[in-house]
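In what follows, a structure is listed as structure tokens, so that the remarks can point back to it.
Rule-based calculations on the coordinates, nothing more; no lab input. Being a predicted model, the structure only gives us computed values, none of them experimental. Positions of Cβ are backbone-derived with ideal geometry, glycine not excepted, and every protein chain shown enters the neighbour counts.
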Amino acid sequence: MGPEILIAIGTLVVGGLIGWFTGNKTSNTKLEEAKKLQDLEMQKSRVETQKMLDEANSKAKKIVEKAERKNEQIKQKKINEAREKFNKMKSEFGEQKAQHKIDLKDREVEVVKRENEVKQKESTFQSKIDKLKNRESEIEGKEAEVKSVRENLDKQLKVIAKKKEELDRANEQRIQELEKVAGLSEADAKREILEAVKAKSETDAMAIIKESVEAAKATANKEAKKIVIQSIQRMCAEYTIENTVSVFNLDSDELKGQIIGREGRNIRALEAATGAEIVVDDTPEAIVISSFDPIRREVCRLSLKRLVADGRIHPARIEEVVAKTKKQLDEQIREIGERTVIELDIHGLHPHMVKQVGRMRFRSSYGQNLLKHSIETANLCAVMAAELGLTPKQVKLCKRAGLLHDVGKVAEEDTELSHAIHGMGTCEKYKEHPAVCNAVGAHHDEIEMNNIISPIVQACDAISGARPGARREILESYLKRIGELEELAMAHDGVQKAYAMQAGRELRVIVESEKVTDQYADDLSFMISKKIEDEMQYPGQVKVTVIREKRAISFAR
């Protein structure tokens, strides 16, 4: 290493040492100045703090002085208020004391008055006690009299008992003597007398019953006829009945072949889809539709009408048309039920019951359309209930029961119950009023009636079914009813012949004059009429005429 380099290094080291010493001196000087400034600031803050303390002390003294003055004022005010209150209470106490003295004087006067009243009551009470003592003495005297009278009565009773024993012995002796003379014992005589009295009482009872029934008929029958006639007069029903159509008319006989189809496929498909039987015979331009169910028959008729109008008749098309027709008929049934319910102003009927009402349109009873019969019965029930003076609520229930009384005839499921009982069950299922349910179940006397609505529905049902032209009666049932009437009359003793006349509305009974008296003839007509009422069902009334004739014939030669 050369001398130049060494000189340069030495120069650098010397320069660094000089710079270090110089910087150290400068920093010490700055520190001293900072300390001086800090001391000055501390002195200033001490002076300011001392001033603030002096000001706070002066303010505190002022606040304390002010609070003491205010406290003194409040104290003085409270003392004055206490003095005023004391003076007021003192004056009130003085007034109360004076009033108390006055009350004491009044009480003393009242006490004296009460004492006088008590003395008067005591004197009155003493007088009553004296009277009671006098009455006791009188009662004792009367008791002694009663005792003596009782002793006399006992003696008389003993005498009477002895005489009764003597009379009983004498009566027994007389009875024994009479039995010997008459040849009858006492029991036999009693039996004969009872039988005679019984026969007489039965005859008298029959006469009384007949008279009471005739008297009741004279009044009740008149009023009942009046109400029924007024109800019928206020109703305007159709005279002719509606028959269910079961014949489908064709434009030409050529359509029969299309309806039958190849090898009968079309007609078999139609019968299977509708459940009705289709009869294609030699009747010109007509096809007979046969089914026990009128709704099935109607579905078949409407389906045939659509198929014939469309012209496309094959099994697939038949199934499609029948399905649409059933759906359309269900909607039509529902609309018929809703329209009927609205027309009759019946509210709150269950949708299923509304549908059942619509199904009545396609049912008939003895040729009478079931829906028209139910509507007619409902209107008659409302009119009759109003004539009888029932409440508006009962009138509405009568109309409701009249509409639903035959709802069991349109049951969708098969049942062994009668239509009345089944209809009652349906009404109960869909929460109908108990009175309506009873009226539906009792309109053929299958259950007991428990309200006023049930006999009204039964009467109106009979009126609607018995009016002229309402129903067709099957010949067999008509002949059976006529025969039962005649047999019922012939079952009585003394009847020679019986004839049912005027379609069973009159029964003439000819009796043997030797066996039947005039009185028994009257009783016989009454007994036959009661038996007809109890054992038979019939529309309207049956007149029973008993004829007893005695002919005396002789010849002049």
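One table, with the values for the structure above:
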read-out	value
Label point distance in nm, LYS78-MET501, each placed 7 Å from Cα along Cα→Cβ	12.6 nm
Length added when fully stretched, ALA60-GLU177, from 0.36 nm per residue minus Cα-Cα	27.2 nm
Amide H partners (placed H, <5 Å) of MET501, local residues excluded	GLU506, LEU507, ARG508
Additional length obtainable on full extension of the chain from PHE125 to ARG268, 0.36 nm per residue less Cα span	39.7 nm
Contact order normalised by residue count of segment 475-557, Cα under 8 Å, 6+ apart, percent	29 percent
Cα-based reach from LYS164 at 19 Å (exclusive), listing lysines while leaving out same-chain residues under 8 positions away	LYS155
14 Å Cα-Cα reach of LYS158 towards aspartates and glutamates, excluding residues that sit fewer than 8 places from it in its own chain	GLU166
Extension gain (nm, one decimal) between ASP188 and LYS431, 0.36 nm per residue minus Cα-Cα	80.9 nm
Long pairs among LYS113/LYS133; LYS327/LYS355; LYS256/LYS324, criterion Cα-Cα beyond 25 Å	LYS113/LYS133
Set LYS305/LYS326; LYS409/LYS431; LYS77/LYS97; LYS142/LYS162 screened for pairs whose C-alpha atoms are more than 21 Å apart	LYS77/LYS97; LYS142/LYS162
Proximal aspartates and glutamates relative to LYS198, as straight alpha-carbon distance under 16 Å, when same-chain residues fewer than 8 apart are discounted	ASP188
Relative contact order (percent, whole number), segment 346-471, Cα cutoff 8 Å, 6+ residue spacing	24 percent
Label-to-label distance, nm, for residues given as ASP204 and LYS105 (7 Å Cα→Cβ offset)	9.3 nm
Simple label model, 7 Å out from Cα along Cβ direction - THR517 to GLU412, nm	6.7 nm
Protection-proxy order for peptides 85-92, 333-340, each taking the mean of Cβ atoms within 10 Å per residue, highest first	333-340, 85-92
